[in-house]
Amino acid sequence: MKDLTFNDCIYLTELPDVSGLQNLENLSFENCNNLITIHNSIGHLNKLEILKGKCCLKLKNMPPLRLPSLKEFLLCGCRSLESFPELLCMMRHIEEIYLFGTSIGELPLSFQNLSELRDLTVWGNRTECHFL
């Protein structure tokens, strides 16, 4: 399996263990209003290229990430998200990150592992999700 989508799962409270899906390239969990936790296994998918989480209003944190193939990373409108995840490896494929509508107050020192990052957009913290 290469794509896994949990979009609009309003009763989902936890993203499950995906350690058996080592070929996963695209993971999306958008508009999961009751999502609270994400299983740590998501942070260890070596082939994952796209990780999209938008408008998960109750999500407070992300597990540490060791995702060397990641190209696209969205955490927009997750207004309860308090911290950016620790980055456990160099992530050379991400050029842009958008963190609007979150409660992230500071970035971890491991943020320097985004060696090719050109554009970081942070605005509108603690806002409702108006951009869908």
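Does residue 128 fit the bill of being under 15 Å from the mean Cα position of the chain (by Cα), of a type outside the set (Phe, Trp, Tyr), surrounded by fewer than 16 Cβ atoms within 10 Å (Cβ to Cβ) and modelled with pLDDT under 90?
Details: under 15 Å from the mean Cα position of the chain (by Cα): no; of a type outside the set (Phe, Trp, Tyr): yes; surrounded by fewer than 16 Cβ atoms within 10 Å (Cβ to Cβ): yes; modelled with pLDDT under 90: yes.
In short, no.
Just to be sure before I move on: is residue 61 in a loop (DSSP other than H, G, I, E, B), closer than 20 Å to residue 107 by Cα and among the polar types (S, T, N, Q) in the structure I sent? Give the steps one after another, and end with the answer.
Working: in a loop (DSSP other than H, G, I, E, B): yes; closer than 20 Å to residue 107 by Cα: yes; among the polar types (S, T, N, Q): yes.
In short, yes.
Exactly one condition in (1) of a type outside the set (A, V, I, L, M, F, W, C); (2) part of a loop (DSSP other than H, G, I, E, B); (3) under 10 Å from the mean Cα position of the chain (by Cα) is false for residue 43; which is it?
Exception for residue 43: condition (2).
When you check residue 97 against the structure, is it over 20 Å from residue 1 (Cβ atoms) and in a strand (DSSP E or B), yes or no?
Numbers: over 20 Å from residue 1 (Cβ atoms): yes; in a strand (DSSP E or B): yes.
Criteria met by residue 97.
Please work out if residue 49 is acidic (Asp, Glu), crowded, with 16+ Cβ neighbours inside 10 Å and in contact (Cβ under 8 Å) with a residue 40 or more places away in the chain.
Spelling it out, residue 49 is indeed acidic (Asp, Glu), crowded, with 16+ Cβ neighbours inside 10 Å and in contact (Cβ under 8 Å) with a residue 40 or more places away in the chain.
Select from segment 1-32 the residues that are of a type in the set (Ser, Thr, Tyr) and part of a loop (DSSP other than H, G, I, E, B) and list them in ascending order. Before the answer, list the steps.
Narrowing segment 1-32 to residues of a type in the set (Ser, Thr, Tyr): 5, 11, 13, 19, 28.
Across segment 1-32, the qualifying residues are 11, 13, 19.
Filter segment 70-104 for residues that are out of contact with any strand residue (DSSP E or B) (no Cβ under 9 Å at 6 or more places or on another chain) and among the polar types (S, T, N, Q); which is surrounded by the fewest Cβ atoms within 10 Å (Cβ to Cβ)?
103
Hey, residue 120 hits all of (1) surrounded by fewer than 16 Cβ atoms within 10 Å (Cβ to Cβ); (2) assigned to a loop (DSSP other than H, G, I, E, B) but one; which does it fall short on?
(2)
Does residue 72 satisfy the criteria of being touching an Asp or Glu at 6+ places or on another chain (Cβ under 6 Å), at pLDDT below 95 and of a type outside the set (A, V, I, L, M)? I'd like the intermediate steps shown before the answer.
Working: touching an Asp or Glu at 6+ places or on another chain (Cβ under 6 Å): no; at pLDDT below 95: yes; of a type outside the set (A, V, I, L, M): yes.
No.
Checking the structure you have, find out if any residue of segment 81-88 is touching a Lys or Arg at 6+ places or on another chain (Cβ under 7 Å), modelled with pLDDT of 95 or more, more than 17 Å from residue 100 (Cβ to Cβ) and assigned to a loop (DSSP other than H, G, I, E, B). So that I can check it myself, show each step before the final result.
Looking only at segment 81-88, we keep the residues that are touching a Lys or Arg at 6+ places or on another chain (Cβ under 7 Å), and these are 81-82, 88.
Then drop every residue that is not modelled with pLDDT of 95 or more, which leaves 88.
Still in the list and also more than 17 Å from residue 100 (Cβ to Cβ): 88.
Now drop any that are not assigned to a loop (DSSP other than H, G, I, E, B), which leaves 88.
Yes: segment 81-88 contains one or more residues that are touching a Lys or Arg at 6+ places or on another chain (Cβ under 7 Å), modelled with pLDDT of 95 or more, more than 17 Å from residue 100 (Cβ to Cβ) and assigned to a loop (DSSP other than H, G, I, E, B).
The values are calculated or read from the model by the stated rules, or taken from the named source; none is laboratory data. Bear in mind the structure is a predicted one, so any value in this text is a computation, not a measurement. All Cβ positions, even for glycine, are placed from backbone atoms using ideal geometry, and neighbour counts span all protein chains on display.
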